[in-house]
Amino acid sequence: MPDSVFSVLRWQEENSSQVALLPETVKDWLFWQGSLTVKLKQCCTRFEVKVRSEKWIKKTYQNETALLPQGQYWCREVILYGDDKPWVEARTLISPLLAERYQELLQLGTMPIGEWLFRQAPGRRTIQWSQDEKTGLYARRSLFLIRQMPLLISELFLEDSPITK
(Lines give C-alpha, C1' and ligand atoms only; values in the text may rest on other atoms or scores of the structure.)
Protein backbone atom coordinates (compact mmCIF):
# COMPACT_ATOMS: atom_id res chain seq x y z
CA MET A 1 0.00 0.00 0.00
CA PRO A 2 1.62 3.28 -1.03
CA ASP A 3 2.08 5.88 1.66
CA SER A 4 -0.58 8.51 1.88
CA VAL A 5 -0.79 11.67 3.92
CA PHE A 6 -3.36 9.81 6.05
CA SER A 7 -0.70 7.27 7.07
CA VAL A 8 1.62 9.88 8.61
CA LEU A 9 -0.74 12.34 10.25
CA ARG A 10 -0.56 12.67 14.02
CA TRP A 11 -4.15 12.95 15.15
CA GLN A 12 -5.26 15.11 18.06
CA GLU A 13 -8.46 15.06 20.03
CA GLU A 14 -11.04 17.79 19.57
CA ASN A 15 -10.39 19.00 23.12
CA SER A 16 -6.57 19.15 22.84
CA SER A 17 -4.87 22.34 23.99
CA GLN A 18 -3.71 23.04 20.42
CA VAL A 19 -7.31 23.71 19.29
CA ALA A 20 -7.16 27.16 20.88
CA LEU A 21 -4.40 28.11 18.42
CA LEU A 22 -6.51 27.32 15.34
CA PRO A 23 -8.19 30.12 13.36
CA GLU A 24 -11.96 30.23 13.95
CA THR A 25 -12.75 29.45 10.29
CA VAL A 26 -10.55 26.33 10.47
CA LYS A 27 -12.25 25.19 13.69
CA ASP A 28 -15.64 25.69 12.05
CA TRP A 29 -14.70 23.25 9.27
CA LEU A 30 -12.76 20.72 11.35
CA PHE A 31 -15.38 20.32 14.05
CA TRP A 32 -18.50 20.62 11.90
CA GLN A 33 -20.98 18.07 13.24
CA GLY A 34 -23.26 17.92 10.23
CA SER A 35 -22.68 16.60 6.74
CA LEU A 36 -19.48 17.93 5.18
CA THR A 37 -21.08 17.28 1.79
CA VAL A 38 -23.90 19.72 2.57
CA LYS A 39 -21.46 22.35 3.90
CA LEU A 40 -19.24 22.06 0.82
CA LYS A 41 -22.19 22.25 -1.58
CA GLN A 42 -23.17 25.58 -0.01
CA CYS A 43 -19.81 27.00 -1.16
CA CYS A 44 -20.03 26.17 -4.85
CA THR A 45 -22.36 25.90 -7.81
CA ARG A 46 -20.99 22.56 -9.03
CA PHE A 47 -20.03 19.73 -6.66
CA GLU A 48 -18.48 16.50 -7.87
CA VAL A 49 -17.02 13.29 -6.45
CA LYS A 50 -14.22 11.53 -8.31
CA VAL A 51 -13.42 8.03 -7.12
CA ARG A 52 -9.72 7.21 -6.87
CA SER A 53 -10.14 3.69 -5.59
CA GLU A 54 -12.65 1.31 -4.01
CA LYS A 55 -11.52 -2.09 -2.79
CA TRP A 56 -11.25 -4.46 0.14
CA ILE A 57 -8.04 -4.01 2.13
CA LYS A 58 -6.59 -6.23 4.85
CA LYS A 59 -4.13 -3.78 6.34
CA THR A 60 -5.04 -0.35 7.61
CA TYR A 61 -2.61 2.39 8.53
CA GLN A 62 -1.16 2.03 12.00
CA ASN A 63 -2.74 5.28 13.16
CA GLU A 64 -6.19 4.01 12.06
CA THR A 65 -6.04 1.03 14.42
CA ALA A 66 -6.28 3.51 17.29
CA LEU A 67 -9.97 3.82 16.39
CA LEU A 68 -10.73 0.60 14.51
CA PRO A 69 -9.95 -3.04 15.25
CA GLN A 70 -7.51 -4.60 12.83
CA GLY A 71 -9.15 -6.54 10.06
CA GLN A 72 -10.54 -6.26 6.59
CA TYR A 73 -12.31 -3.07 5.45
CA TRP A 74 -13.92 -1.69 2.32
CA CYS A 75 -11.68 1.27 1.51
CA ARG A 76 -13.10 4.10 -0.60
CA GLU A 77 -10.79 6.94 -1.61
CA VAL A 78 -12.23 9.97 -3.38
CA ILE A 79 -11.55 13.58 -4.21
CA LEU A 80 -14.36 16.08 -3.65
CA TYR A 81 -14.43 18.95 -6.15
CA GLY A 82 -16.13 22.31 -5.88
CA ASP A 83 -16.46 24.31 -9.09
CA ASP A 84 -13.87 22.04 -10.76
CA LYS A 85 -11.24 22.58 -8.04
CA PRO A 86 -10.08 19.73 -5.78
CA TRP A 87 -11.24 20.60 -2.28
CA VAL A 88 -11.06 17.47 -0.14
CA GLU A 89 -9.22 14.15 -0.35
CA ALA A 90 -11.22 11.56 1.60
CA ARG A 91 -10.64 7.99 2.75
CA THR A 92 -13.49 5.92 4.16
CA LEU A 93 -13.12 2.56 5.90
CA ILE A 94 -16.27 0.46 6.16
CA SER A 95 -16.44 -2.65 8.32
CA PRO A 96 -17.45 -5.94 6.63
CA LEU A 97 -20.60 -6.24 8.77
CA LEU A 98 -21.69 -2.75 7.78
CA ALA A 99 -20.98 -3.46 4.11
CA GLU A 100 -22.95 -6.70 4.33
CA ARG A 101 -25.93 -4.98 5.97
CA TYR A 102 -25.83 -1.98 3.60
CA GLN A 103 -24.54 -3.35 0.32
CA GLU A 104 -25.24 -0.02 -1.41
CA LEU A 105 -22.07 1.24 0.31
CA LEU A 106 -20.04 -0.87 -2.11
CA GLN A 107 -21.74 0.76 -5.09
CA LEU A 108 -21.83 4.48 -4.28
CA GLY A 109 -19.90 5.45 -7.40
CA THR A 110 -19.88 9.25 -7.63
CA MET A 111 -22.48 9.73 -4.89
CA PRO A 112 -20.99 11.41 -1.81
CA ILE A 113 -20.99 9.04 1.15
CA GLY A 114 -22.36 11.88 3.31
CA GLU A 115 -25.67 11.73 1.44
CA TRP A 116 -26.06 8.10 2.49
CA LEU A 117 -24.49 8.43 5.93
CA PHE A 118 -26.60 11.24 7.36
CA ARG A 119 -29.85 9.53 6.31
CA GLN A 120 -28.87 6.77 8.78
CA ALA A 121 -28.72 9.19 11.74
CA PRO A 122 -25.27 7.89 12.72
CA GLY A 123 -23.70 8.23 16.11
CA ARG A 124 -20.44 10.15 15.78
CA ARG A 125 -18.09 8.80 18.43
CA THR A 126 -15.21 11.18 17.87
CA ILE A 127 -13.69 13.88 15.71
CA GLN A 128 -9.93 14.12 15.60
CA TRP A 129 -7.86 16.64 13.69
CA SER A 130 -4.37 17.11 12.38
CA GLN A 131 -2.23 19.48 10.38
CA ASP A 132 0.20 17.99 7.88
CA GLU A 133 3.71 19.05 8.87
CA LYS A 134 4.95 19.21 5.27
CA THR A 135 2.09 21.04 3.57
CA GLY A 136 0.31 22.81 6.42
CA LEU A 137 -2.99 21.35 5.21
CA TYR A 138 -5.63 20.50 7.80
CA ALA A 139 -7.36 17.15 8.15
CA ARG A 140 -10.05 15.62 10.28
CA ARG A 141 -11.37 12.15 10.85
CA SER A 142 -14.63 10.97 12.31
CA LEU A 143 -15.58 7.59 13.67
CA PHE A 144 -19.26 6.86 13.16
CA LEU A 145 -21.27 3.96 14.52
CA ILE A 146 -24.26 2.74 12.57
CA ARG A 147 -26.07 0.07 14.57
CA GLN A 148 -22.83 -0.37 16.51
CA MET A 149 -20.85 -1.03 13.29
CA PRO A 150 -17.89 1.31 12.61
CA LEU A 151 -17.26 3.59 9.66
CA LEU A 152 -14.18 5.84 9.68
CA ILE A 153 -13.94 8.86 7.40
CA SER A 154 -10.67 10.81 7.09
CA GLU A 155 -10.69 14.08 5.17
CA LEU A 156 -7.78 16.26 4.06
CA PHE A 157 -8.74 19.84 3.13
CA LEU A 158 -6.73 20.71 0.02
CA GLU A 159 -5.27 24.17 -0.65
CA ASP A 160 -8.22 25.38 -2.79
CA SER A 161 -10.85 24.23 -0.28
CA PRO A 162 -13.15 26.68 1.51
CA ILE A 163 -11.33 26.06 4.81
CA THR A 164 -8.60 28.42 3.55
CA LYS A 165 -11.01 31.24 2.66
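Across all directions, the shadow cast by the convex hull of segment 1-153 built on its C-alpha atoms averages 9.0 square nanometres. Rounded to the nearest 500, the 222 nm mean residue ellipticity of the chain from helices alone is -3500 deg cm²/dmol, with -39,500 (n - 2.57) taken per DSSP H run of at least 4 residues.
Note on LYS27: aspartates and glutamates with a C-alpha under 15 Å away, same-chain residues under 8 apart excluded, are GLU13, GLU14, GLU155.
Counting Lys and Arg as +1 and Asp and Glu as -1, what is the net charge of the other residues whose Cβ lies under 14 Å from the Cβ of LEU30? Kindly include the intermediate steps, with their values, before the conclusion.
Details: positive: LYS27, LYS39, ARG124, ARG140, ARG141; negative: GLU13, GLU14, GLU24, ASP28, ASP132, GLU155.
Charge balance near LEU30 sits at -1.
Bridgeable lysines around LYS41 (alpha carbons under 16 Å apart, same-chain partners fewer than 8 residues away excluded): LYS50, LYS85, LYS165. Checking every one of the GluC sites (Glu not before Pro) in segment 82-165 against DSSP loop status and a limit of 13 other Cβ atoms within 10 Å picks out GLU133, GLU159.
For the chain, the Cβ-based charge dipole about the Cα centre amounts to some 420 debye (Lys, Arg positive; Asp, Glu negative; other atoms uncharged). Of the whole protein surface, ILE153 contributes about 10 Å² of accessible area at a 1.4 Å probe radius. Under the criterion of Cα pairs below 8 Å and six or more residues apart, the relative contact order for the chain equals 26 percent.
The values are calculated or read from the model by the stated rules, or taken from the named source; none is laboratory data. Worth saying up front: this structure is predicted, and the values here are computed from it rather than measured. So basically every Cβ, Gly included, is an ideal-geometry build from the backbone, and we count neighbours across all protein chains shown. Ligands, DNA and RNA are stripped out before the accessible areas are found, and what is left, the full protein with its side chains, is counted by its heavy atoms. Shrake-Rupley method; radii C 1.70, N 1.55, O 1.52, S 1.80 Å.
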